[in-house]
Amino acid sequence: MSNWQAFQQGHLDPDFAFREHIFAQFRQAAQRQSQAGPMNSSTATAAPKHAFEVRLGDTKTPKNDINALILDYLTMEGYPGAAANFSKEANLAPQQEDPSIKTRQEIQHAIHSGDIETAITALNDLDPDILDKDPELHFSLLRLQLVELIRQCYGGDIGPALDFATQQVAPRASMNEQFRIDLERAMSLLFFDHDSKLSPELQALLSSDLRRKTATKVNEAVLVRQDQRREAAIRALVRMRAWAESSARSSKKKDLPSDLDIGLNGENAVEFQELTETNGHEPMITT
């Protein structure tokens, strides 16, 4: 299965792929296009390409457009240091003031690290009404905080987790059936060995994916409250790309190669990794 097929079927994590590979691939593609020269004896003997691939190779993508996509992603996803450095390097105007994206990055980092109390405090300082206006987001954060407390007290005193569940989470769960189900599922972690084979529902609660998804929801909610787009433009472009290929293959009117790789498995993601590392963004803590 190609990486593009895996992406379409939901087997490839787009967040990981975007962070680690996709922009390095864009920059490499632009560099190859700018360095492309006349055909020589070595290229003349290369295997013939599909007509679609030839046409695709002849399409020139302006470097400024690629740089704008990269800056948009760094800004929307909350990488203030990387966005500032890249905007200077690419001679582009910053899309937001640095304090705004820095605060969002700090909140996301706290969630990725499992420090949900700090994240909630910072979120309330940034926008005191955001959680009151979004009960579902508030409950998601509280449930995640409960899961982190259960993780910390595993094999020891479960009092802090029980107190938090009773005082902070249960009152909200009593007013919403789905909240009640989610709370009961989280509390069941107290009765099972975390090292044993848990059900998929319980495994999902202890997975780092829960932190990542919650951080994404919080980031999107902040952007909406600031009257900004919910996501980076590159995500919409990738979905459009998926739709275009699927439509073309379904119509059977277009002659396409059997495999069109989106290029998310690039071997050289150093450039984008260095950009994000200048922002001080640490890897997600999963234990």
Open item on the list: Which residue is farthest from P171 (Cα to Cα), if the candidates are limited to region 104-113 and must be touching a residue at least 24 places away in the same chain (Cβ under 8 Å) and open to solvent by 10 Å² or more (accessible area, probe 1.4 Å)?
Closed with: Q105
Open item on the list: Tell me whether region 217-224 contains one or more residues that are over 26 Å from R104 (Cα atoms) and either more than 28 Å from the chain's Cα centre (by Cα) or surrounded by 15 or more Cβ atoms within 10 Å (Cβ to Cβ) (or both).
Closed with: no
TODO: Would you check which residues across region 181-206 are closer than 20 Å to E148 by Cβ and among the basic types (K, R) and list them?
DONE: R185
Task: Options I262, I234, I285: the member that is of a type in the set (V, I, T), surrounded by fewer than 13 Cβ atoms within 10 Å (Cβ to Cβ) and at pLDDT below 90 - done: I285
Task: Checking S196 against (1) open to solvent by less than 50 Å² (accessible area, probe 1.4 Å); (2) hydroxyl-bearing (S, T, Y); (3) outside any helix (DSSP H, G or I), the condition it does not meet - done: (1)
Task: Failed item in (1) surrounded by fewer than 12 Cβ atoms within 10 Å (Cβ to Cβ); (2) in contact with a Pro (Cβ under 8 Å, 6 or more places away or on another chain), with D125 passing the rest - done: (2)
Task: Within region 71-99, considering residues that are assigned to a loop (DSSP other than H, G, I, E, B) and at pLDDT 85 or above, the one surrounded by the fewest Cβ atoms within 10 Å (Cβ to Cβ) - done: N91
Open item on the list: For a quick check of your reading of the model, give me the residue pairs whose first member lies in region 158-174 and is within 12 Å of E184 (Cα to Cα), whose second is open to solvent by 80 Å² or more (accessible area, probe 1.4 Å) and at pLDDT 95 or above, with beta-carbon atoms closer than 9 Å and at least 6 apart or on different chains.
Closed with: A170/R180; A173/R180; A173/E184; S174/R180
- [ ] Could you pull out the residue among R230, R211, R239, R225 that is in contact with a His (Cβ under 9 Å, 6 or more places away or on another chain) and under 28 Å from L74 (Cα atoms)?
- [x] R211
Open item on the list: What pairs come out if I take residues in region 58-69 that are in contact (Cβ under 8 Å) with a residue 24 or more places away in the chain and pair them with residues that are part of a loop (DSSP other than H, G, I, E, B) and open to solvent by less than 90 Å² (accessible area, probe 1.4 Å) whose C-beta lies under 7 Å away, six or more apart or interchain?
Closed with: N67/A90; N67/L92; A68/L92
Open item on the list: Being open to solvent by 60 Å² or more (accessible area, probe 1.4 Å), over 23 Å from the mean Cα position of the chain (by Cα) and of a type in the set (A, V, I, L, M, F, W, C) narrows it down to one residue among L162, L190, L256; which is it?
Closed with: L162
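The values are calculated or read from the model by the stated rules, or taken from the named source; none is laboratory data. Since the structure is predicted, the reported quantities are computational estimates derived from the model, not experimental observations. Note: ideal-geometry Cβ built from the backbone for every residue, glycine included; neighbour counts use all protein chains shown. Accessible surface is based on the protein model in full, side chains and every heavy atom, while ligands, DNA and RNA are left aside. Shrake-Rupley method; radii C 1.70, N 1.55, O 1.52, S 1.80 Å.
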